[in-house]
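**Student:** Just dropping this structure here.
The values are calculated or read from the model by the stated rules, or taken from the named source; none is laboratory data. It should be emphasised that the depicted structure is a prediction, and the values quoted were computed from it without experimental measurement. Here the Cβ positions follow ideal geometry from the backbone for every residue, glycine too, while neighbour counts run over all protein chains shown.
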């Protein structure tokens, strides 16, 4: 049985039918059979699409308008030549027997909501499975209820992850469905480290639907072209096309139009096949789904192989040059994937920067990630990540206007002890006092360097965060006004007795008077690092604090704060800088900094709206050859 999905129609959009209407329509279509006592009709009339189990029949999937990858797989070989419709019959009465891949190809699997909240990702990884594809949605109305938890748990198990969309040309235009896929899951393939290309699943959706979605071959090719063009523009990645030979032949005429714009994933379960032939035009396939019987998982799924025996080839197929999620909260989760369970987690407000600014340096010093929240709640993805991390301690940054007491109290459930003492708040009366409280809690007297930035805007402070978090230059980040050192900041500087102070930003951000006052609060030098603008200041910081040949240079948007904030402690793990760009350009100062740093790798922080795929491609030219 295909590795299906227990998905539901969360959004009903005209002309789409609601799930109830679909079930009723399906039952009505079988009314004649019902008159003679057909058991199939009785089952259809009483279908509960929320309780189908992990191996629903194709009839149930059709009735629920919710299909698993491979639900319509042909059991016979493809026709020798393209055929004209309507002759496609891709829904077999029974599943085909499993094929048998030759050699030691890398094994993986695919799942969706039918496998429930807890597929045995850890157990499957232990048995040698290396990758998983997870269903995100079907058209613009059916979404995998368990997608977030499955995605987080699969990552925690060490599996290389991908997402797929069960395409419905009969319901939506190519661009509309591609945008829905991006919103509901493919943005992770555009962003999250170690993700496989996004997948469009092209097959016959249901027995009662017109063959080839009632499109001509040229019409289907046009639909696919518009879909791929939109998806590639959104993700910056060449997608995978999943299909079977029969559907591809009849519905596209064995087109070769996508050979240069998409990789091929073949579905072929025919018994005795050891390696399926690629579709016309493709030299080879990249993935092969060869069985619908994932017996190693209690809730089922499909079994796939990657067309190589070398894990390094699979890793190369995955993306490791952008870290992002569909929103800032999800991006913070993706940035936390490198951190191990059992340590400390910092939680900051993802909507307002003032209190959050101080978190990056302290988290970097503690080897801890920063996760983002609203004032009163965390997203499901953040909750799942906290569950996976099971921290010994959670540090809430800022007062109750940033993170409410109610939310703070609820966080104890995610800690190892479950005690209220395992969740602490570091805050003050305002952003300046909060920066002082964080510094006092995280750093001991005699610290090497204290970084001073304006608390009125975020760019300079974010530029300093990675340097403040890096092991070789670690120190607290304190906030001041252009013309005043708040008393709480003075007090903590007196207590810390730093050996040096680095002022970040020009005299408009921090006045010469404040600069001079800082000299009395250290036994060492006070240095100002500033450029003509936020990008120039970032250049001054990274070229002063980091040496050429850094392992990674992280690049985030200089127009907003969340991505750089959560990236600072991640960058600290490898002693790497964070620079800034705009969504549409690499500023000259950033380009100069990258030229000087000669990074071995560049990783973008944030999605395509923060840093476009075009800018990302431009950034790769600065990687040391």
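**Student:** Kindly evaluate residue 472 against the criterion of being assigned by TED's automatic domain parsing to the domain that holds residue 359, out of contact with any helix residue (DSSP H, G or I) (no Cβ under 8 Å at 6 or more places or on another chain) and under 19 Å from residue 439 (Cα atoms).
**Tutor:** Criteria met by residue 472.
**Student:** Hey, another quick one. Could you grab the pairs with beta carbons closer than 7 Å, sequence gap of 6+ or different chains, first residue in segment 375-388 and within 16 Å of residue 337 (Cα to Cα), second one at pLDDT 95 or above and part of a helix (DSSP H, G or I)?
**Tutor:** Correct list of pairs: 386/414; 387/414.
**Student:** Could you run through segment 595-621 and say how many residues are modelled with pLDDT of 90 or more, surrounded by 20 or more Cβ atoms within 10 Å (Cβ to Cβ) and farther than 10 Å from residue 584 by Cα?
**Tutor:** Looking only at that region, the number is 7.
**Student:** Moving on to the next point. Would you mind finding the one in 494, 473, 527 that is surrounded by fewer than 24 Cβ atoms within 10 Å (Cβ to Cβ), more than 23 Å from residue 566 (Cα to Cα), in contact with a strand residue (DSSP E or B) (Cβ under 9 Å, 6 or more places away or on another chain) and in contact (Cβ under 8 Å) with a residue 12 or more places away in the chain?
**Tutor:** 527
**Student:** So, one more: How many of the residues in segment 365-390 are under 22 Å from residue 444 (Cβ atoms) and surrounded by fewer than 23 Cβ atoms within 10 Å (Cβ to Cβ)?
**Tutor:** Of the residues in that region, 3 qualify.
**Student:** Confirm whether residue 435 is over 25 Å from the mean Cα position of the chain (by Cα) and more than 20 Å from residue 156 (Cβ to Cβ).
**Tutor:** Spelling it out, residue 435 is indeed over 25 Å from the mean Cα position of the chain (by Cα) and more than 20 Å from residue 156 (Cβ to Cβ).
**Student:** Considering segment 455-478 alone, what residues qualify as being outside any helix (DSSP H, G or I) and within 18 Å of residue 527 (Cβ to Cβ)?
**Tutor:** Across segment 455-478, the qualifying residues are 470, 474, 475, 476, 477, 478.
**Student:** Now for a separate question. From the list 417, 402, 358, which one is buried (at least 18 other Cβ atoms within 10 Å of the Cβ) and modelled with pLDDT of 90 or more?
**Tutor:** Being buried (at least 18 other Cβ atoms within 10 Å of the Cβ) and modelled with pLDDT of 90 or more holds for just one of 417, 402, 358, which is 402.
**Student:** Also: Taking residue 452 as the residue in question, decide whether it is part of a loop (DSSP other than H, G, I, E, B), touching a helix residue (DSSP H, G or I) at 6+ places or on another chain (Cβ under 9 Å), at pLDDT 95 or above and in the same structural domain as residue 507 (by TED's automatic domain parsing).
**Tutor:** no
**Student:** Which of the residues belonging to segment 274-292 are touching a residue at least 24 places away in the same chain (Cβ under 8 Å) and surrounded by 19 or more Cβ atoms within 10 Å (Cβ to Cβ)?
**Tutor:** Selection gives 275, 276, 279, 286, 287, 288, 289, 290, 291, 292.
**Student:** Could you tell me which numbered condition residue 270 fails, if it satisfies all but one of (1) touching a helix residue (DSSP H, G or I) at 6+ places or on another chain (Cβ under 7 Å); (2) more than 30 Å from residue 551 (Cβ to Cβ)?
**Tutor:** (1)
**Student:** Here is a further query. So which residues in segment 257-274 are part of a loop (DSSP other than H, G, I, E, B) and either over 32 Å from the mean Cα position of the chain (by Cα) or over 18 Å from residue 99 (Cα atoms) (or both), if there are any at all?
**Tutor:** Hits for segment 257-274 are 257, 258, 259, 260, 261, 262, 270, 271, 272, 273, 274.
**Student:** Do you know which of the residues in segment 549-561 that are assigned to a loop (DSSP other than H, G, I, E, B) and touching a strand residue (DSSP E or B) at 6+ places or on another chain (Cβ under 8 Å) is farthest from residue 366 (Cα to Cα)?
**Tutor:** Among them, the one singled out is 558.
**Student:** For segment 305-371, give me every one of the helices (runs of 4 or more DSSP H) that falls completely inside it and has 3 or more residues that are closer than 30 Å to residue 286 by Cα.
**Tutor:** Once the helices (runs of 4 or more DSSP H) in segment 305-371 are filtered for at least 3 residues that are closer than 30 Å to residue 286 by Cα, what remains is 311-317, 328-335.
**Student:** Return the residue satisfying two criteria in turn: it lies in segment 147-159 and is in contact with a strand residue (DSSP E or B) (Cβ under 9 Å, 6 or more places away or on another chain) and buried (at least 23 other Cβ atoms within 10 Å of the Cβ), and of such residues it is farthest from residue 309 (Cα to Cα).
**Tutor:** 147
**Student:** Quick test for you: out of 439, 444, 429, pick the one residue that is crowded, with 18+ Cβ neighbours inside 10 Å and either touching a helix residue (DSSP H, G or I) at 6+ places or on another chain (Cβ under 6 Å) or not in a helix (DSSP H, G or I) (or both).
**Tutor:** 439
**Student:** So, in segment 234-246, of the ones that are in contact with a helix residue (DSSP H, G or I) (Cβ under 6 Å, 6 or more places away or on another chain) and in a loop (DSSP other than H, G, I, E, B), which residue ends up nearest to residue 221 (Cα to Cα)?
**Tutor:** Restricting to residues being in contact with a helix residue (DSSP H, G or I) (Cβ under 6 Å, 6 or more places away or on another chain) and in a loop (DSSP other than H, G, I, E, B), the top hit is 239.
**Student:** Taking the condition within 18 Å of the chain's Cα centre (by Cα) and either assigned by TED's automatic domain parsing to the domain that holds residue 330 or buried (at least 21 other Cβ atoms within 10 Å of the Cβ) (or both), does residue 541 pass?
**Tutor:** Against the criterion (within 18 Å of the chain's Cα centre (by Cα) and either assigned by TED's automatic domain parsing to the domain that holds residue 330 or buried (at least 21 other Cβ atoms within 10 Å of the Cβ) (or both)), residue 541 does not qualify.
**Student:** Can I ask one more? Counting just the residues of segment 52-72 that are modelled with pLDDT of 75 or more and not in a loop (DSSP other than H, G, I, E, B), which one comes out nearest to the chain's Cα centre (by Cα)?
**Tutor:** The extreme case among them is 61.
**Student:** Can you name every residue in segment 562-600 that is in a loop (DSSP other than H, G, I, E, B), in contact with a helix residue (DSSP H, G or I) (Cβ under 9 Å, 6 or more places away or on another chain) and under 26 Å from residue 474 (Cβ atoms)?
**Tutor:** 575, 576, 577, 598, 599, listed by residue number.
**Student:** If I go through segment 247-260 residue by residue, how many of them are under 14 Å from residue 222 (Cα atoms) and in contact with a helix residue (DSSP H, G or I) (Cβ under 7 Å, 6 or more places away or on another chain)?
**Tutor:** Selection size over segment 247-260: 7.
**Student:** Which one of these is in the same structural domain as residue 69 (by TED's automatic domain parsing) and more than 16 Å from the chain's Cα centre (by Cα): 200, 163, 152, 132?
**Tutor:** Only one candidate passes the filter, namely 200.
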